[in-house]
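Below is one structure, written out as structure tokens; the observations come after it.
The values are calculated or read from the model by the stated rules, or taken from the named source; none is laboratory data. Quick caveat: nothing in here was measured; it's all calculated off a predicted structure. In this analysis, Cβ positions are derived from the backbone assuming ideal geometry, glycine residues included, and neighbour counts consider all displayed protein chains. For accessibility, only protein heavy atoms count, side chains too; no ligands or nucleic acids. Shrake-Rupley method; radii C 1.70, N 1.55, O 1.52, S 1.80 Å.
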Amino acid sequence: MSASGGTKAIVAALVANLSIAVAKFVAFLFSGSSSMLAESVHSLADSGNQGLLLLGGKKAKREATPEHPFGYGRERYIYAFLVSIVLFSVGGMFAVYEGYEKIKHPHEITAWYWPVGVLVFAIIAEIFSFRTAIKESNQTRGNRSWTEFVRRSKAPELPVVLLEDLGALVGLVLALGGVGLALATGNGVWDGIGTLCIGILLIVIAVILAVETKSLLLGESAGLEEVEKIKAAVVDGDTVTGIIHMRTLHLGPEELLVAAKIAVRHDETATEIANAINAAENRIREAVPIARVIYLEPDIFNAEAAAAGTVPGDPSDAPAPAPKDLGH
């Protein structure tokens, strides 16, 4: 995901949610609908979440320091995780509580045209925001399904905005259904049921976001496609004959660490090996531009020792080894 694409989707969602939050709260004041109150808090929480994503993106751009030599790229993961917490507590739990109270103490909705009109406006605005997020996501999604995109994306912003917008649209439909049934039956319990459903929906989305962002915080490897490109770039078939083992780690959405022990021929000089390593690093960066931190350790490959899982020993002119124990 490009930073500009993510920012565009976040800003579109922020503008939509701020305008919707104000409209929903006004509708709540005139109608007394608990669904509208829950939805206004939901939109306000979403607006705060977009602010957190923008703040995380800004902080992640800071230069590396001696205390943080690998930079601040993971700030984006931290703020995305905070989004899931806000969505769970401020959005989901509040809506569940409000729905429970409305079911327990129902009251009639007044000035019905306010909530209905605002909900229709909100659905239109959310469709615009959701459409923007889909458009930006399609630029990097490739052939992956939407589920795979949300689960495998290393940049958290677009998956967060996508799930938030999807939750907002479904929540608006639930709110409209609750308000409509309450008006049709004259029973305010339906408004409370709609609010309760909104809360459960937000909690489910928050849990999904927390699980996926936690994985990024713990540290994920490069995708399979990037790993294959790195493998192909390392081996030159001359000095570097293979990869003994390799590990990759995302330092941020757009910064990758590559560490590998590579097999070299036993009769090469130190200068030849150093030149081969430098050339391999250049090929890796050309193949995978986000691979910015690269550590390559040369060693003499021994097939028997490698198969036994021990440190490679003295060489024999064995054929180029198959990659072993790749991290991805």
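Given the options P159, P66, P106, which has the most mean-square fluctuation in a GNM of the chain, springs set between C-alpha atoms less than 10 angstrom apart? Evaluated over the chain, the most mobile residue of the options is P66. Computed over the chain, the per-residue total of -39500 (n - 2.57) for DSSP H runs of n ≥ 4 gives a 222 nm mean residue ellipticity of -22000 deg cm²/dmol, rounded to 500.
Using the Karplus relation 6.51 cos²θ - 1.76 cosθ + 1.60 with θ = phi - 60°, the per-residue 3J(HN,Hα) values for the range 144-158 come to 6, 5, 5, 4, 5, 4, 5, 7, 9, 5, 8, 9, x, 4, 5 Hz, with x marking Gly and Pro.
The largest accessible area among Y100, Y72 belongs to the first residue in Y100, Y72, and the rest follow in falling order (1.4 Å probe, all chains). Build a GNM of the chain with springs between Cα atoms under 10 Å apart, and of F94, F81, F70 the one that fluctuates most is F70. Computing Cα extents along the principal axes in Å directly from the structure and comparing it against (i) 88, 37, 36; (ii) 76, 38, 34; (iii) 83, 52, 30 singles out (i).
Centre-to-centre separation between the Cα atoms of the range 1-59 and those of the range 154-187: 13 Å.
With the simple model of a label 7 Å out from the Cα in the direction of the Cβ, S19 to V120 spans 1.7 nm.
For the pair I85 and T269, a Förster radius of 41 Å applied to the C-beta separation gives a FRET efficiency near 0.15, rounded to the nearest 0.05.
The simple spin-label model puts a point 7 Å past each Cα toward its Cβ; for L169 and D238 those points are separated by 5.4 nm. Of all the options T185, T213, T110, the one that moves most in a Gaussian network model of the chain with Cα springs shorter than 10 angstrom is T185.
Please report how many Lys pairs in the chain have alpha carbons closer than 15 angstrom, counting only residues at least 8 apart along the chain or sitting on separate chains.
Working: K8/K58; K8/K135; K154/K214; K231/K261; K231/K324; K261/K324.
Going through the chain pair by pair, I get 6.
For the pair A111 and N138, label points projected 7 Å from Cα toward Cβ lie 4.0 nm apart. With a cut-off of 13 Å between beta carbons, the residues surrounding D165 carry a summed charge of -3, where Lys and Arg count +1 and Asp and Glu -1.
The dipole here belongs to the chain: it is taken about the Cα centre, uses +1 on the Cβ of Lys and Arg and -1 on the Cβ of Asp and Glu, and is about 1040 debye.
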